[in-house]
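Working notes, beginning with the structure itself.
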Amino acid sequence: MTVTEHKSQDQQAQALHILETVFGYSSFRGQQADIVHHVVQGGDALVLMPTGGGKSLCYQIPALVRDGLGVVVSPLIALMQDQVDALAEVGVRAAFLNSTQTFDESMQIERRVRSGDIDVLYVAPERLMTPRCLELLQAARISLFAIDEAHCVSQWGHDFRPEYIKLSVLHERFPDVPRIALTATADQQTREEIIHRLQLEQARQFVSSFDRPNIRYQIVEKANGRKQLLDFIESEHADDAGIVYCLSRKKVEEIADFLNQNGLNALPYHAGMEYAKRTANQARFLREEKIVMVATIAFGMGIDKPDVRFVAHLDLPKSIEGYYQETGRAGRDGAPANAWMAYGLQDVVQQRRMIAESEADDTFKRVLGTKLDAMLGLCETLHCRRMRLLEYFGEQAKPCGNCDICMTPPVSFDATVMVQKLLSAVYRVEQRFAPGHVVEVLRGIDSDKIKQWRHDQLSVFGIGSDRSEAEWRAILRQTIALGLLTVDHESYSALKLTDEARPVLRGEQKVQLRQYQKPVKQKRSSSRSGYVETDLSAAEQVLFEKLRWWRMETARKHNVPAYVIFHDSTMREIAKANPGSLDDLRGVTGVGEKKLETYGAEIIALMAELSG
Ligand code: ADP
Ligand code: ZN
């Protein structure tokens, strides 16, 4: 064996040792081992891994194995304290530098950097780029740069941070320090932008599967959105933490109020709120249990709360990338979670209008339009949602058995005649009227407006009176999603025929649509989070509850989120093992040396007290 091989084997053993003793995990997950090994040896890496995949260890362990200070660039200033606290809990010397600190606090951290007293340093990108900070780092020994949330360099994405573009100087000023860029955004365009902007052409790429098998996807037809949401939460997630996404700030406030009036514990979050209030709500969501965060997409990046049991959308996301990122915040701990969305015709009309009215140039509008179409396709699909999602990210998949389509396959039917009626009605009103009016014509409603335009005289008036308004809206929505009709926002949301509509009108092409189903009250599904507790016996359940109570007290004392102390899964394992000694406790997943030292005795005492 050569010296290099010896060294590399040593480092591998060291990495595994750290995984076990510091983090308390018995093995690496997925590509973690390869990534860690590559970076430990000084290689650059681009890591694409879904949320919850385990990205943090990919840089934390190399930072501990290699000599010097690991620098983590992150835009998530509000979360740095928690990240540092979580590392301190496992005995890693961590700190951060950002604008929330006083000058004195910064000075103190800088001193610790100079004396080599820190293993992992989190830095906000704008701080990193200051001459002072660059000089500080240049004088120190750096083990690696981790660029977290690397998709923030992408100007096309909604998380764009201009400071991220400047991060290319790291390569120029620290040519020998390995860089590892990480993101959960999967699309090819973003990936190429990261490589190009951060000069990572030489980096090895580690692309994991983006599947999140524990998340169940459900998209329901919107009737009364907020009522449907309440039913969903009450029937499936009454005791859980979750996130509800809405499009506007106003709606966020309204829905939060509505949920609170109905006995839930909901908090609002949007960029229009005062910084202090917003941050306080975020902290409560992270620290307390059973909170429902009602938010705009301003909320969520970097939220590493592992036990978010559901993510609900009351408005249609603008793209599949956004939808996947947002829903990905559910179930990071690997336990079952729900991604639920209510979607209706109004969503399509509204999103199309937003694109039309935006100030973007035509090219950009076309990109937005294509992304929205893909999202609509997902909503209206007659096939497995997960397959559709993964295919969008370039992955092959099979029907999953864990989405609404797989579980209750929709019935499709030949809707050619109905769609022809709809298209004719649009044509007869000269493509100048909005969806609501067209539906009234079809259903033969003689409203004032219909009479005023003499639309009751048209041959199409009332030809669809055998269907309800909801059914017509469903047909209309699908017809728009199929691209046979468009909504013209230049002229009062008027419906217009597209070229694709002609063959259908002429009877040359058939149309399959999904059979309309009345929205039903949500049934309790097996994914209810209560499931996890049933794998404990009654006695174990008692221990688990005690541990939970102990964790809550301890978290309060240490002023950290409960999951920073132990995850539910760790406590479940403890309850099952009912350890009588520190040695028994040592083998439990998630219990490293530091936690054993800090909490071991308390836990053994707690167990003894209950069993004795
Ligand atoms: P990401 O940043 O990719 O969203 P995290 O790094 O936060 O994911 O990891 C997600 C969860 O998985 C965390 O709770 C972490 O402790 C856990 N985890 C990561 N790697 C392992 C492993 N090898 N074994 C067990 N648990 C792990
Ligand atoms: Zn499926």
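The values are calculated or read from the model by the stated rules, or taken from the named source; none is laboratory data. Just so you know, these numbers come straight off a predicted model, no measurement behind them. Neighbour counts run over all protein chains shown; Cβ positions are idealised from the backbone, glycine included. These area figures cover heavy atoms from the full protein model, side chains too; ligands, DNA and RNA do not enter into them. Shrake-Rupley method; radii C 1.70, N 1.55, O 1.52, S 1.80 Å.
Listed by first and then second residue, the pairs with beta-carbon distance under 8 Å, at least 6 apart or on different chains, first residue in segment 389-405 and more than 23 Å from Lys371 (Cα to Cα), second assigned to a loop (DSSP other than H, G, I, E, B) and within 16 Å of ligand 1 (Cβ to nearest atom), are Cys400/Pro213; Asn402/Pro213. Just for segment 27-48: of the residues that are within 28 Å of Leu390 (Cβ to Cβ) and free of Cβ contacts under 8 Å to residues at least 60 places away in the same chain, which one is most open to solvent (accessible area, probe 1.4 Å)? Result: Arg29.
Regarding Val113, is this residue part of a loop (DSSP other than H, G, I, E, B) and more than 16 Å from ligand 2 (Cβ to nearest atom)? No.
Does at least one position in segment 356-379 carry a residue that is within 28 Å of Asn260 (Cβ to Cβ), open to solvent by less than 10 Å² (accessible area, probe 1.4 Å) and either assigned to a loop (DSSP other than H, G, I, E, B) or in contact (Cβ under 8 Å) with a residue 40 or more places away in the chain (or both)? No. Evaluating Ala330 against the criteria (1) under 23 Å from the mean Cα position of the chain (by Cα); (2) part of a helix (DSSP H, G or I) leaves one unmet condition, (2).
Checked against (1) closer than 22 Å to Thr479 by Cα; (2) loosely packed, with under 15 Cβ neighbours inside 10 Å, Gln396 passes all but condition (1). If you go through segment 493-508 and pick out every residue that is free of Cβ contacts under 8 Å to residues at least 60 places away in the same chain, not β-branched (Val, Ile, Thr) and not in a helix (DSSP H, G or I), you end up with 4. Annotation note: of Gln81, Gln60, the sole residue that is within 21 Å of Pro306 (Cβ to Cβ), more than 8 Å from ligand 1 (Cβ to nearest atom) and touching a Leu at 6+ places or on another chain (Cβ under 8 Å) is Gln60. Evaluate segment 3-26: report whether one residue or more is without any contact (Cβ under 8 Å) to a residue 12 or more places away in the chain and either in contact with a His (Cβ under 9 Å, 6 or more places away or on another chain) or outside any helix (DSSP H, G or I) (or both). No.
Within segment 381-393, the set of residues being within 18 Å of Cys406 (Cα to Cα) and away from ligand 2 (no atom under 15 Å from the Cβ) is empty. If you go through segment 449-484 and pick out every residue that is part of a helix (DSSP H, G or I) and aromatic (Phe, Trp, Tyr), you end up with 1.
Taking the criterion of being within 17 Å of Thr130 (Cβ to Cβ), assigned to a loop (DSSP other than H, G, I, E, B) and open to solvent by 30 Å² or more (accessible area, probe 1.4 Å), the residues of segment 65-100 that qualify are Ser99, Thr100. Checking each residue in segment 290-305 for being open to solvent by 10 Å² or more (accessible area, probe 1.4 Å), in contact (Cβ under 8 Å) with a residue 60 or more places away in the chain and of a type outside the set (Gly, Ala, Ser) picks out Ile297, Met301, Asp304. Here's a check for you: in segment 559-612, which residue that is surrounded by fewer than 21 Cβ atoms within 10 Å (Cβ to Cβ) and of a type in the set (Ser, Thr, Tyr) is farthest from ligand 2 (Cβ to nearest atom)? Looking at the filtered set, the residue picked out is Ser581.
For segment 90-146, the set of residues classified as of a type in the set (Phe, Trp, Tyr) and within 30 Å of Thr589 (Cα to Cα) consists of Phe96, Tyr122, Phe145, listed by residue number. You will find that of Thr4, Thr21, Thr51, the residue that is of a type outside the set (A, V, I, L, M), open to solvent by 50 Å² or more (accessible area, probe 1.4 Å) and either more than 16 Å from ligand 2 (Cβ to nearest atom) or touching a helix residue (DSSP H, G or I) at 6+ places or on another chain (Cβ under 6 Å) (or both) is Thr4 and no other. For Ala335, the conditions (1) surrounded by 15 or more Cβ atoms within 10 Å (Cβ to Cβ); (2) more than 16 Å from ligand 1 (Cβ to nearest atom); (3) among the small types (Gly, Ala, Ser) are fulfilled apart from (2). Scanning segment 457-488 for residues that are in contact (Cβ under 8 Å) with a residue 60 or more places away in the chain and open to solvent by less than 30 Å² (accessible area, probe 1.4 Å) turns up Ala474, Ile475, Leu476, Arg477, Gln478, Thr479, Ile480, Gly483, Leu484, Leu485, Val487. Each residue in segment 256-289 was checked for being open to solvent by 50 Å² or more (accessible area, probe 1.4 Å), out of contact with any strand residue (DSSP E or B) (no Cβ under 8 Å at 6 or more places or on another chain) and in contact (Cβ under 8 Å) with a residue 60 or more places away in the chain, and 1 of them qualify.
Within segment 408-448, if we keep just the residues that are loosely packed, with under 14 Cβ neighbours inside 10 Å and outside any loop (DSSP other than H, G, I, E, B), the residue that is nearest to the chain's Cα centre (by Cα) turns out to be Ser412. Exactly one residue out of Gly334, Gly328 is in contact with a helix residue (DSSP H, G or I) (Cβ under 9 Å, 6 or more places away or on another chain), touching a residue at least 40 places away in the same chain (Cβ under 8 Å) and of a type outside the set (A, V, I, L, M, F, W, C): that is Gly334. Within the set His171, His151, the sole residue that is touching a helix residue (DSSP H, G or I) at 6+ places or on another chain (Cβ under 7 Å), part of a helix (DSSP H, G or I) and surrounded by 14 or more Cβ atoms within 10 Å (Cβ to Cβ) turns out to be His151.
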